[in-house]
Amino acid sequence: VNISGLKMNFAGKDFVRITHYSKKEIEYILDVAEEFEDTYRKKTQMKLAEGKILATLFFQPSTRTQFSFQTSMHRLGGSVLGFAGTEYTSVMKGENLEDTIRMFDSYTNIIVIRHPEAGSAEKAAEVAKVPVINGGDGSNRHPTQALLDLYSIRKFKGKIKDIKFAFWGGIKYSRVAHSLALGLAMFGAKIYQVYPGNQSLPDNIIQELKEKYNVSAPPRLQPDEALKQVDIVYMGGAIQDLTIGGGKAMVSEEERKKTLEEYNKYFVLSLERFKKLGVKDDLLVMHPLPRHVETLKPDLDNTKHCGYFEEAGYGIPVRMALLALLLNVKN
Ligand code: CP
């Protein structure tokens, strides 16, 4: 790949963290995704990845990441195998992650892994010779969600730089928010946080924002203040993130109860609330999904504020682009 005289080589690389790629490289992936929109919308099939096999290894539940990767590989003309849950694999007989990965490394051309342990995708990438894509590791990172979110913002707002973007809800343990905050900083968006209790971005992400992109800790806004000021509210702190680390509770029961109470009191998004506050017509709500209908009310679904379903759909062209580039089947 060679744009503007800059040589870029995606072939055979892993995609474990968004920060392993430069802004130019991420931009290029998003540009390639534009080229795949036609195939996504018309639901047709290409022949680019004919003869290639994708392994989707999901040690944790998933609807969007798992099936959009599978759809993307089918649309590229490749094949898919893998598991959703380890019940009928030899993980049940005690096989470790490394040996499981070694097997799929020999069977397939590229691997997507979702796993409850932070650092598991890195561990898999060290063992595998084929590219490994992180589909979410514990409460750590979810870089392909960040990719599709950056793509969505560019589609919805025409740019990412200077967009006022508020993370809405607790994002301390949100792997989606951790990756996206770094992606937004890379592109120069103005990041804010609106969170209950002490559920702000964790120190390691704040430190990375500073070191890699010279961005200070995103300021905290009050909920109503954010809804009036920003361009995008992102419900990145799903309630399940409080328990996402290997299915174990990340916080004490008392803290969890208190946070949920505060969440339910101040963090519900609804058309009724938007009307009462008089928010901007183009205030956009994004959400990686799955949502909790108690906190993101269905009355927003058919309004101009709703970005979350289109956002999820963009997972297809974006993941097609990523697969095609790492497999080196796209010129
Ligand atoms: N956004 C996301 O990761 O959704 P799934 O958990 O359904 O894959």
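Would you mind checking which residues have amide H under 5 Å from GLY82's amide H? H placed 1.01 Å from N; only 5 or more apart, or other chain.
Those lying under 5 Å, H to H, from GLY82 are THR56.
May I ask which of LYS13/LYS190; LYS13/LYS210; LYS123/LYS265; LYS24/LYS265; LYS13/LYS157; LYS157/LYS212 have a Cα-Cα span longer than 32 Å here?
Beyond 32 Å between Cα atoms: LYS123/LYS265; LYS24/LYS265.
In nm, to one decimal, how far is the modelled label at LYS257 from the one at ASP38, with both set 7 Å along Cα→Cβ?
Computed distance between label sites LYS257 and ASP38 equals 5.9 nm.
Please list, in chain and number order, the residues 5+ apart from TYR192 or on another chain whose amide H is under 5 Å from its amide H, with Hs placed from the backbone.
Under 5 Å from the amide H of TYR192 lie the amide H atoms of PHE165, ALA166, PHE167, each far enough along the sequence or on another chain.
Rounded to the nearest whole Å², what accessible area per residue is found for the range 67-137 with the 1.4 Å probe?
44
Restricting attention to the alpha-carbon atoms of the range 36-122, what are Rg (one decimal) and Dmax (integer), both in Å?
For the range 36-122, the Cα radius of gyration and maximum Cα-Cα distance read 14.0, 44 Å.
If you roll a 1.4 angstrom probe over the protein chains with everything in place, what fraction of the accessible area of the chain belongs to carbon and sulfur, to the nearest %?
48
Under 10 Å, Cα contacts only: if you run a Gaussian network model on the chain, which one of PHE67, PHE267, PHE58 comes out with the highest mean-square fluctuation?
Sorting by GNM fluctuation, first place goes to PHE67.
So how tilted is helix 64-75 from the main axis of the chain? Cα-based, degrees 0 to 90, rounded to 10.
40
Could you give the angle, 0 to 90 degrees to the nearest 10, between helix 143-157's Cα long axis and the longest principal axis of the Cα atoms of the chain?
Around 60 degrees separate the two axes.
When a/c reaches 1.5 or more, the comparison of a/b and b/c decides; with that in mind, is the range 121-269 rounded, prolate or oblate per its Cα gyration tensor?
It comes out oblate by the Cα gyration axes.
Taking the full set of protein chains and a 1.4 angstrom probe, give the accessible area of MET103 in square angstrom, rounded to the nearest 10.
80
Would you compute, for the Cα atoms of the chain, the largest minus smallest coordinate along each principal axis and list the three values in descending order, in whole Å?
Projected onto the principal axes, the Cα atoms of the chain cover 56, 48, 39 Å.
Kindly write out, for the range 9-18 in residue order, the coupling ³J(HN,Hα) from the Karplus curve 6.51 cos²θ - 1.76 cosθ + 1.60 (θ = phi - 60°), rounded to whole Hz, with x marking Gly and Pro.
Going residue by residue, I get 10, 9, 4, x, 7, 8, 10, 9, 9, 5 Hz, with x marking Gly and Pro.
Accessible area of GLU272, 1.4 Å probe, to the nearest 10 Å²?
120
Quick one: if you stick a label point 7 Å off each Cα along the C-beta vector at GLU294 and MET92, how many nm between them?
Placing both labels 7 Å along Cα→Cβ, they lie 3.3 nm apart.
Helix 23-42: angle to the longest alpha-carbon principal axis of the chain, degrees 0 to 90, nearest 10?
The angle comes out at about 80 degrees.
In the full protein assembly as shown, how much of ARG41 is accessible to a 1.4 Å probe, in Å² to the nearest 10?
140
If you build a Gaussian network model of the chain, linking Cα atoms that sit under 10 Å apart, which residue out of GLY183, GLY278, GLY307 swings the most?
GLY278
The values are calculated or read from the model by the stated rules, or taken from the named source; none is laboratory data. Since we're looking at a predicted model, the values are computed, not measured. Backbone-built Cβ (ideal geometry, glycine too); neighbour counts: all protein chains shown. Quick note on the areas: whole protein, heavy atoms, side chains included, nothing else; ligands and nucleic acids left out. Shrake-Rupley method; radii C 1.70, N 1.55, O 1.52, S 1.80 Å.
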